[in-house]
Every structure is written in structure tokens, then in C-alpha cells.
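Just below is one structure, and these are the notes that go with it.
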């Protein structure tokens with residue numbers, strides 16, 4: 001006689017609701033970490049197919065998006081997170097930097113962020129990039145002056161080429177200087193007492209402060225070495241904790257240049273005030 005196998009039934013009633021809430025909470029954490037999860041795989045994460053519509057409502061209420069294919073972190077939030085720390089993303093490949101979105105939808109959301117004033121477009125060479133609104137771009141008035149100046153220079157250059165002539169370097173430099181005067185650089189030596197408030201002011205939700213963002217806030221490349229020295233001094237004194245970059249190849253060359261060199265070829269790109277954890 002074969003031994004009878006008892007199959008456990010799924011919980012019902014209050015227990016069923018509790019299990020669904022637990023499954024949704026666990027799935028939400030995965031989505032926040034990964035960016036997106038296929039909607040068809042909700043069952044693999046403990047959500048019964050029959051309760052998928054109810055689970056979708058709970059996920060939306062938690063701040064996530066549920067599309068026909070994905071459960072995802074809102075595309076706008078994904079893009080804005082990517083722009084933290086003065087990163088700039090090429091618009092033509094913006095979909096490569098988000099999860100659970102088509103290229104068309106990702107580009108449309110990027111344009112919507114710019115239109116609503118939550119981001120801005122920057123052109124570098126022939127590339128159109130999306131950047132945070134704090135990116136140090138040239139304002140409209142300066143662009144107008146630069147456009148007029150370059151048109152004048154282009155006309156003078158055309159005349160010079162047609163007649164085998166040249167331009168005075170001083171004339172060109174002076175015209176460009178008037179059109180785009182150098183922005184004042186606030187340079188000050190970062191003191192140990194100054195770094196704490198600066199670290200706090202640029203701290204992210206994780207409790208960490210991105211080193212490139214901190215360096216730029218204190219004056220950029222001209223004060224990088226001084227900021228690094230203060231960070232290392234704070235770390236040796238046990239007041240600061242320096243952490244390496246978690247993702248491989250995620251730093252741009254400009255960002256990497258503002259980070260500290262760590263042990264065994266690592267890159268120290270995050271800092272945390274140890275006093276906060278006491």
C-alpha cells in the first residue's frame with residue numbers, strides 16, 4: 001500500500017493576507033535593488049497567480065510601477081538616481097542605464113524630466129547628454145553671446161581663408177573672453193572642521209557621501225588633493241570611514257579622477273562619518 005502524501009494548502013483568510021503582504025514586501029526589496037523584475041516571475045517570489053492583481057496594487061502603493069511586462073522602480077527615479085554625483089548620461093543610450101524600460105519610453109521620460117525642470121540637457125562635442133539641474137552648464141544669456149561671437153569669428157575666418165590671411169590671436173581670445181568670462185572659482189583650503197558639515201550636506205539616503213560630489217562642492221579639481229588629504233587624516237583618526245566603489249566600470253574618467261586611490265588598486269569613492277553610528 002502506497003503511503004499517502006499530504007500536500008500543504010495555501011493559507012486562507014487573515015493568514016493569506018499576511019502571506020501576501022510579506023511576499024509583496026520581499027518582492028519590493030528585490031525590485032528596489034535590481035531596478036525591475038519581470039511581472040511573469042511574480043509567482044517565483046511567492047505571489048500566487050490568483051492574487052497578482054491585488055499584489056500589483058500593493059506594489060504601486062509602495063511607490064513602484066507595474067507595467068504589462070515589469071514591476072520596476074519608476075523610470076524617472078531610476079534616471080535621477082543615475083544623475084547623482086554629477087554624472088551625465090547619453091540620451092541616445094539612456095535605456096542602457098535603466099531597468100524594465102524600452103528605449104523609446106526611457107528617452108521620453110528623460111525629455112519629460114528636462115521639460116519639468118528636474119534635469120537639463122548638456123551637449124559635449126556631438127553628444128546630447130542628460131544631467132542634473134546643478135550641472136555647471138552655460139546659461140541662455142551666455143549661449144546667446146557665444147553664438148553671436150562665434151558667428152562673427154566664423155565670418156572673419158571665412159574672409160581670411162578667402163584672401164590667404166590670418167586672424168590675430170589676441171582678437172579671437174578677447175572676443176571669446178567677452179562672450180564667456182571665466183566663472184569665479186571659490187577656492188579655500190578645506191579644514192578638518194569643514195569636512196563634517198560638507199559630508200553631511202551631500203549625504204545620500206544610504207548614509208554615504210560620494211567623494212566626487214564632495215570634492216566638486218569644495219572647489220573641484222584644484223582642491224582635490226587637499227580634500228583627499230583631509231579625508232585620509234579623518235580616516236586615520238577614526239572619524240571617517242572610506243569605502244570602495246561597489247560597481248565595476250561604473251565611474252566615468254572624470255569621477256574616478258576625483259576619488260582616492262585605495263589598497264590593491266581599488267578606488268575609494270564613498271565616505272561616511274563614523275560619529276553618526278555611535
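The values are calculated or read from the model by the stated rules, or taken from the named source; none is laboratory data. All of these numbers come straight from a predicted model, not from anything done at the bench. Counting neighbours? That spans all protein chains shown, and the Cβs are built from the backbone with ideal geometry, glycine included.
Here are 234, 238, 196: which of them is out of contact with any helix residue (DSSP H, G or I) (no Cβ under 7 Å at 6 or more places or on another chain) and either modelled with pLDDT of 85 or more or farther than 30 Å from residue 154 by Cβ (or both)? Talk me through it step by step, then tell me what you get.
Values: 234 fails: out of contact with any helix residue (DSSP H, G or I) (no Cβ under 7 Å at 6 or more places or on another chain); 238 fails: out of contact with any helix residue (DSSP H, G or I) (no Cβ under 7 Å at 6 or more places or on another chain).
Just one listed residue meets the conditions, 196.
Do any residues in the range 225-237 that are assigned by TED's automatic domain parsing to the domain that holds residue 256 and surrounded by fewer than 19 Cβ atoms within 10 Å (Cβ to Cβ) have Cβ atoms under 7 Å from those of residues that are outside any helix (DSSP H, G or I) and at pLDDT below 90, where the two are at least six apart or on different chains, and which pairs are they?
226/189; 226/190
Yes or no: the range 256-272 includes at least one residue that is assigned to a helix (DSSP H, G or I), farther than 24 Å from residue 88 by Cα and modelled with pLDDT under 80.
First, pick out the residues of the range 256-272 that are assigned to a helix (DSSP H, G or I): 256, 263-265.
Now restrict to residues that are farther than 24 Å from residue 88 by Cα: 263-265.
Next cut, modelled with pLDDT under 80 only: 264-265.
So far as the range 256-272 goes, yes, one or more of its residues are assigned to a helix (DSSP H, G or I), farther than 24 Å from residue 88 by Cα and modelled with pLDDT under 80.
Looking at this structure, is residue 122 touching a residue at least 24 places away in the same chain (Cβ under 8 Å) and out of contact with any helix residue (DSSP H, G or I) (no Cβ under 8 Å at 6 or more places or on another chain)? Full working, then the answer.
Details: touching a residue at least 24 places away in the same chain (Cβ under 8 Å): yes; out of contact with any helix residue (DSSP H, G or I) (no Cβ under 8 Å at 6 or more places or on another chain): yes.
Yes.
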